[in-house]
Each structure stands twice: as structure tokens, then as C-alpha cells.
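Structure, as C-alpha cells:
The values are calculated or read from the model by the stated rules, or taken from the named source; none is laboratory data. Note that the structure is predicted; figures quoted are calculated from it, not measured. So basically every Cβ, Gly included, is an ideal-geometry build from the backbone, and we count neighbours across all protein chains shown. We work out accessible area using only protein heavy atoms, side chains counted, and drop any ligands, DNA or RNA first. Shrake-Rupley method; radii C 1.70, N 1.55, O 1.52, S 1.80 Å.
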Amino acid sequence: MYRTVEDFIEEWTIASVGTANVIKAITDEKLDQSIVAGHSTLGWLAWHLVGAAGAFGQFAGFNVQGPGHTDPQPTSAQEISNAYEALAQAIKEEASKLTDEDMLGDVTSFTGQTKRGKLLRGMIDHQTHHRGQMTVLLRQAGLPVPPVMGPTKEMTM
């Protein structure tokens with residue numbers, strides 16, 4: 001749980017840059033890459049992160065707008081990337097308007113009342129979870145895996 005705005009913004013900046021780099025590594029030709037047929041694809045995961053960031057942001061009280069649950073996934077990896085980067089920046093700007101006291105305030109989230117700082121921690125955890133799935137799919141697709149939290153295997157060879 002975040003208790004200070006500064007701590008959230010610092011971690012969000014690092015996490016969202018890492019996620020943006022993973023999304024940028026996706027090509028249009030590999031948007032449908034999944035571990036096996038019927039599972040989440042690279043395109044679906046990337047678009048899901050855009051939508052989820054918007055939903056988390058709205059629950060946090062931010063003036064941000066992500067795609068709705070039924071909005072179709074773009075067929076362009078660049079369009080998904082642009083949408084994610086715009087939303088990530090908007091979340092950072094909205095968070096900068098908060099006070100540390102606001103982080104301890106209650107908000108309504110996916111499962112009911114929670115502290116805003118706890119919700120924002122969950123947003124980063126959710127993103128990290130799916131970003132990890134995406135790095136596996138990138139490698140499986142034969143695409144370069146960007147460094148997110150340190151060098152990739154290819155960088156150490």
C-alpha cells in the first residue's frame with residue numbers, strides 16, 4: 001500500500017516505462033501469439049492493460065479514460081502502444097494532484113471499499129503480472145524481450 005504520492009509516482013514511472021517497452025516490442029504480425037490456442041494473446045494482454053489502467057484510475061478518482069471492456073482490440077500494435085503511453089502519463093499527472101492524506105482515503109474498487117494507496121498498489125501488481133506473461137510470449141514469438149528489471153538473457157550473452 002502506498003502511503004505517499006511520491007512513492008506511488010516513483011514506482012508507477014518505473015513500472016509503466018517497463019510495460020510500455022514490452023508493448024512496443026510487439027509487432028502487428030504477432031498480436032495473436034498465445035502460449036496455446038484459446039489462451040490470452042499478446043494483443044489481448046496489451047489491450048487489457050490499457051483498459052485495466054483506465055478502470056483502476058477511475059476507481060482511484062482520476063480523470064482518465066481507458067477503453068471499455070467491450071471495445072474491440074486494435075489491429076495495430078502501435079495503436080495499443082500509443083493508448084497505453086497516453087494513459088500511463090495521464091495517471092501520473094492525476095496522481096500528482098493527490099496529497100499523502102488522499103492515499104489513505106477510502107475509494108470504491110473492484111471488490112468494494114479500499115484505501116486508495118492499496119488500490120494503486122494493486123494496479124501496479126496487476127500490470128506486473130501481465131507484463132511477465134507478455135515477456136514469455138515475446139520470446140515464444142521470436143521477438144526481442146526488452147529489459148524491464150535488469151538485463152535480458154540475450155543481453156548477457
(request) Look through segment 99-116, keep the residues that are hydroxyl-bearing (Ser, Thr, Tyr) and in a strand (DSSP E or B), and return whichever of them is surrounded by the fewest Cβ atoms within 10 Å (Cβ to Cβ). (result) Thr108
(request) Quick one: which residue in Gly54, Gly68 is open to solvent by less than 80 Å² (accessible area, probe 1.4 Å), under 11 Å from the mean Cα position of the chain (by Cα) and under 19 Å from Met123 (Cβ atoms)? (result) Gly54
(message) Between Asp32, Asp28, which is out of contact with any Gly (no Cβ under 7 Å at 6 or more places or on another chain), at negative phi and open to solvent by 40 Å² or more (accessible area, probe 1.4 Å)?
(response) Asp28
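Going by the structure shown, is Pro147 open to solvent by 80 Å² or more (accessible area, probe 1.4 Å), modelled with pLDDT under 95, assigned to a loop (DSSP other than H, G, I, E, B) and not hydroxyl-bearing (Ser, Thr, Tyr)?
Considered against the rule, which asks whether it is open to solvent by 80 Å² or more (accessible area, probe 1.4 Å), modelled with pLDDT under 95, assigned to a loop (DSSP other than H, G, I, E, B) and not hydroxyl-bearing (Ser, Thr, Tyr), Pro147 comes out as no.
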(message) Between Leu45, Leu119, which is part of a helix (DSSP H, G or I), buried (at least 17 other Cβ atoms within 10 Å of the Cβ) and out of contact with any His (no Cβ under 8 Å at 6 or more places or on another chain)?
(response) Leu119
(request) Provide a single number: the residues in segment 1-17 that are of a type in the set (D, E, K, R) and open to solvent by less than 90 Å² (accessible area, probe 1.4 Å). (result) 2
(request) Report whether or not Ala77 is small (Gly, Ala, Ser), more than 24 Å from Asp106 (Cα to Cα), in contact with a Gly (Cβ under 8 Å, 6 or more places away or on another chain) and crowded, with 18+ Cβ neighbours inside 10 Å. (result) yes
(request) Scan segment 23-42 residue by residue and report those that are in a helix (DSSP H, G or I) and closer than 11 Å to Ile80 by Cβ. (result) Ile23, Lys24, Asp28, Leu42
(message) Among the listed residues Trp44, Trp12, identify the single one that is within 17 Å of the chain's Cα centre (by Cα) and touching a residue at least 60 places away in the same chain (Cβ under 8 Å).
(response) Trp12
(message) Any residue at all in segment 86-107 that's of a type in the set (Ser, Thr, Tyr) and within 30 Å of Arg139 (Cα to Cα)?
(response) no
(request) Could you tell me which residue of segment 80-98 is surrounded by the fewest Cβ atoms within 10 Å (Cβ to Cβ), considering only residues that are of a type in the set (S, T, N, Q) and within 15 Å of Ala46 (Cα to Cα)? (result) Asn82
(request) Looking at (1) free of Cβ contacts under 8 Å to residues at least 40 places away in the same chain; (2) assigned to a strand (DSSP E or B), find the lone condition where Pro74 falls short. (result) (2)
